[in-house]
Structures are given as C-alpha cells and as structure tokens.
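The values are calculated or read from the model by the stated rules, or taken from the named source; none is laboratory data. All figures in this text were calculated on a predicted structure; none of them were measured in a lab. Every residue, glycine among them, receives a Cβ derived from its backbone with ideal geometry; neighbour counts consider all protein chains shown. Ligands, DNA and RNA are excluded from the accessible area calculation, which covers all protein heavy atoms including side chains. Shrake-Rupley method; radii C 1.70, N 1.55, O 1.52, S 1.80 Å.
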Amino acid sequence: MKRHIGINSLIIIIIIVSSSLFLYLFYLNSNKDEVQKEGYFISEKTSISKEELKNSKIFFNYVDSIYEKEYDLYNNSLPEDSYSKLIYDAETIEDGYNLLKPDKTISIEGFDNVSISAICGGKLLAGFFGTNRDQLGNERQIGKLVYDIEKEEVLFTLLPDDCNYSVVRCALSENYIYWCEAIPYDSYLDDTWTIKGMDFQTRTPFTIFQTEDFKNTFAPNMGRCYKDSPYFYFNTEEEITKEYPDLEIQSVTNTAYGFDLLCYNPEEDSLLKKAEFNFIYNPYAYPYIAEENIYTVDYDGDNWYILGYHIPTETYTRYKINMNHKSEYVQGLKASSDYVVYQTNFSRYFLLDLHTLEVREISKSFFWYDIVKDNLFFSNHGYLYCYNISENIYYKLLEEKSPVGYIIICNDNMCAVSNNSNREIYLFYR
C-alpha cells in the first residue's frame, strides 16, 4: 500500500511541475509583446546543418543613412539616466571592491605597456611595446610575451626582426602559441601578414600560411584554441550595391564580410574549414570558444542568430535574437558554458541564457567585458566591475581608476585584467 501511495505522489508531483512549466511557456508565448516591453524575450533554438549554413549565405545590406536616422531616434528615446545604470534592474553593492580583491597580482618588469591577450594552461600571453626602431625612427612595435603564472617568470618573447612588423593577433593553447605578423594599424589587406606557430617544447617557429597563399583576403582573426587547435575567421570582402528608390539617394554600395570558420591541426599540419556563414560589418571580430563550443553570429537575410558549433560532435545550433532596428546588427560576443553576452552597433548589450533561452537587455555602458561561469567582468568610465548573473548583483573590484580603461580576458575559470598604463596584471579566480 505504501509503495502505491509513493508512486501516486510522484506522479502527482510530475503532473504539477509539467503543468506549471506548460503554463509558464504558454504565458510567455501569449504575452510576447509585454515580455519585449520589459526588456527581454525568449529565443528560438534550432539545429542547422553545415550544408544549410553554406546554402543560406546572405550578406547584410548596411546603409549609413538608415543607421543615422534610426540611431538618432533610438538615442533620443532613451531616459536621461540610461547611461548611469551600469546593469539594468540589478542590485548594486557600494564599496564592493572590499568583497572581491584580486586573488593574485603580477608585476612584469622590463616591459612597456603590458596588456593581457590570452590565458591557457597556467600561462598568460600579454602584449608589450618593443623598443626597436628603423632608420626613419618608427617605433611602437608590438610584441608578445608568455608568462608562467606558477613560476612567476617570463618564459620567452615574440618580436619580429623587421621593425615595420608587429605581432597583431595571437592564440594560446597548453602546448602551442600561434600569432600573426603584420604591419600594425593597417587594414591587413596588402601583402603584409604571415600566420605562424610554435611548440613550447622545441620553441622552433613554423609558418602555417601567408598572404600569397590566398587572394583578396584579410589576415585571419584568431579566436581561442580548443586543445591545441586554434580556430579563426578567414574572411573575404564583397561589394554590395542595392537600389533605394524611396530614399534621397538612388543606390548605396557597401562592403560586407563573408566569414569561414577554420581550424588548424598542428599534428597533421592541416587547415580545415568548419563552416561558412555571414557575420557583421566588423572585420576585427573573432570566434569565441567556451569549453567545447564555438559561438559566433549568423544572418539569414531576415533574422540574426547566435550560432553555436559543438566541436566534438561537429553539430550546429542557432539561437534566434531580436533586433528592433533594420540597421542594427550584432557586433561581437563573449560566452561561458551557460550564457552568451552580445552587443550591437547601437551599443546595446544583451544576455542570452543558453538553458532557459531567455534574452534580456542588460546595459549600454560597457567599455570592455568578458565572462567566466556566471560572472561578467566589465569596465566602465575607467573602473572595473563584476556582475554575478545568478545573484543579479554587481560591485566594484578595484578602488583605483584607470585613465585608459581595463583590458579583460577570461578563460580556465580565471579572469586576467590589465590597464595598459603599468606592468601589473590582476588575476581573479572563479
């Protein structure tokens, strides 16, 4: 008898939970307009094949005149205090820097303008300004250094022999470092770039590919590494001309960027194409790796999506996201195992919960940001903050203000922060 009562009770609980979930989803679906007014919406999650991504490749037609009109209307509609709210509808803890001080502070001597670039396998990759000059007196050559966190020492540096070249992009794995040598502050369109790699054991650099291997392409935008393989965008440009008879101008020509997601396998010395898709009008964006997933952006001609690529199974998932303006698009993103934070060209920041599919606008005030687990680290007006998503609170981390802002890189359950004005790097373990 007791067994029957227990089973019946379990069935009743399941029915109640299922009914509650159904009613909740029904409420959200029947009140989409109201949900949108509250600043959030529910995303649609769908699977998509590699072939579908390739066949649906459509460029986003961006028009400056439409953007200016829409942005002015949007900006004028904002409340006066919209910029003062760092995180919308979240609790603020004043003097919060006393609650979460850096777990470790690293001071790297002998280098100028040290700024963090990557974290992986107990190592930091940081940029610095070299002192080499050519005959014309050119300087500000950018190099990279690799720092061992446990040993607290610089392992080695990378600085091209030619003073005209710098290390402009890089990726770090547990056993390898990859970088791009090019002329800095350049469009990376001419014959100036080379992609290289190096094994930490042999420390012998090797060339993966370079400009002359391709035609009409940008230097690849390096993302992070999964195991020892770096993932990056290989992008081409294409001019698009579209007629606008209802506007004061008859036609508009813009440059759109088509992106391929590539993977380099150092063991096989092979370059593999994983996906082909659209991105935005941002030639400096890069794919973001969070654990076993790569997150990027896709556009099908009508809708914008956060595109997730699961590396072990080579499967793709799209999360549909809403845009309130025709000229608004996703400009970049960061992700953890549970969340994706993305920003648009209207300086709007959104948070996508990968489990509940809830999307809500969280800020218009970030200068630099990154995410680890459910902690969003960001800088604003020279100060550093942390927003705990699950607790919905944010607080200041450092009392001092940086005149040049903070650079934030998160990976391996750690966030590294540098302010580019001194040699110190702050580590926060999560």
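Restricting to region 384-401, count the residues that are assigned to a strand (DSSP E or B) and acidic (Asp, Glu).
Looking only at that region, the number is 0.
Output the residues belonging to region 346-375 that are among the acidic types (Asp, Glu), open to solvent by 10 Å² or more (accessible area, probe 1.4 Å) and closer than 22 Å to Ile289 by Cα.
Asp353, Glu358, Asp374
Quick check on Ser418: is it surrounded by fewer than 19 Cβ atoms within 10 Å (Cβ to Cβ), touching an Asp or Glu at 6+ places or on another chain (Cβ under 8 Å) and hydroxyl-bearing (Ser, Thr, Tyr)?
no
Can you work out which of the residues in region 321-345 that are within 18 Å of Glu44 (Cβ to Cβ) and of a type in the set (Phe, Trp, Tyr) is surrounded by the most Cβ atoms within 10 Å (Cβ to Cβ)?
Taking the candidates together, the pick is Tyr342.
Considering each residue of region 322-362, count those that are out of contact with any Leu (no Cβ under 6 Å at 6 or more places or on another chain) and either within 23 Å of Glu68 (Cβ to Cβ) or polar (S, T, N, Q) (or both), and give that number.
Residues in region 322-362 being out of contact with any Leu (no Cβ under 6 Å at 6 or more places or on another chain) and either within 23 Å of Glu68 (Cβ to Cβ) or polar (S, T, N, Q) (or both): 23 in total.
Identify, please: which residue in region 71-105 is in contact with an Asp or Glu (Cβ under 7 Å, 6 or more places away or on another chain) and under 25 Å from Asn413 (Cα atoms) and is, among those, surrounded by the most Cβ atoms within 10 Å (Cβ to Cβ)?
The extreme case among them is Tyr97.
If a residue counts only when it is more than 25 Å from Tyr387 (Cβ to Cβ) and modelled with pLDDT of 80 or more, which strands (runs of 3 or more DSSP E) contained entirely in region 24-98 have at least 1 such residues?
45-48
Go through region 391-404 and give me each residue that's more than 17 Å from Ile371 (Cα to Cα), touching a Ser or Thr at 6+ places or on another chain (Cβ under 8 Å) and open to solvent by less than 50 Å² (accessible area, probe 1.4 Å).
Selection gives Ser402 alone.
All but one of (1) at pLDDT below 90; (2) touching an Asp or Glu at 6+ places or on another chain (Cβ under 8 Å); (3) of a type outside the set (A, V, I, L, M) hold for Tyr147; state the number of the condition that does not hold.
For Tyr147, the exception is condition (1).
Go through (1) in a strand (DSSP E or B); (2) more than 12 Å from the chain's Cα centre (by Cα) and name the single condition Phe346 misses.
Checking Phe346 against (1) in a strand (DSSP E or B); (2) more than 12 Å from the chain's Cα centre (by Cα), the one that fails is (1).
Collect the residues in region 182-229 that are among the aromatic types (Phe, Trp, Tyr), open to solvent by less than 20 Å² (accessible area, probe 1.4 Å) and either out of contact with any strand residue (DSSP E or B) (no Cβ under 7 Å at 6 or more places or on another chain) or at pLDDT 80 or above (or both), keeping them in residue-number order.
If the condition is that a residue be among the aromatic types (Phe, Trp, Tyr), open to solvent by less than 20 Å² (accessible area, probe 1.4 Å) and either out of contact with any strand residue (DSSP E or B) (no Cβ under 7 Å at 6 or more places or on another chain) or at pLDDT 80 or above (or both), then Trp193, Phe209 are the ones that fit.
(1) touching a Pro at 6+ places or on another chain (Cβ under 8 Å); (2) modelled with pLDDT of 90 or more; (3) more than 22 Å from Val340 (Cβ to Cβ): which one isn't true of Asp269, the others all being true?
All conditions are met except number (1).
Among (1) open to solvent by less than 50 Å² (accessible area, probe 1.4 Å); (2) out of contact with any Pro (no Cβ under 7 Å at 6 or more places or on another chain), which single condition is Leu427 missing?
(2)
Return the residues of region 299-328 that are under 26 Å from Cys263 (Cα atoms) and either outside any strand (DSSP E or B) or under 14 Å from the mean Cα position of the chain (by Cα) (or both); say none if nothing qualifies.
Of everything in region 299-328, those that are under 26 Å from Cys263 (Cα atoms) and either outside any strand (DSSP E or B) or under 14 Å from the mean Cα position of the chain (by Cα) (or both) turn out to be Asp300, Ile306, Leu307, Gly308, Ile311, Pro312, Thr313, Glu314.
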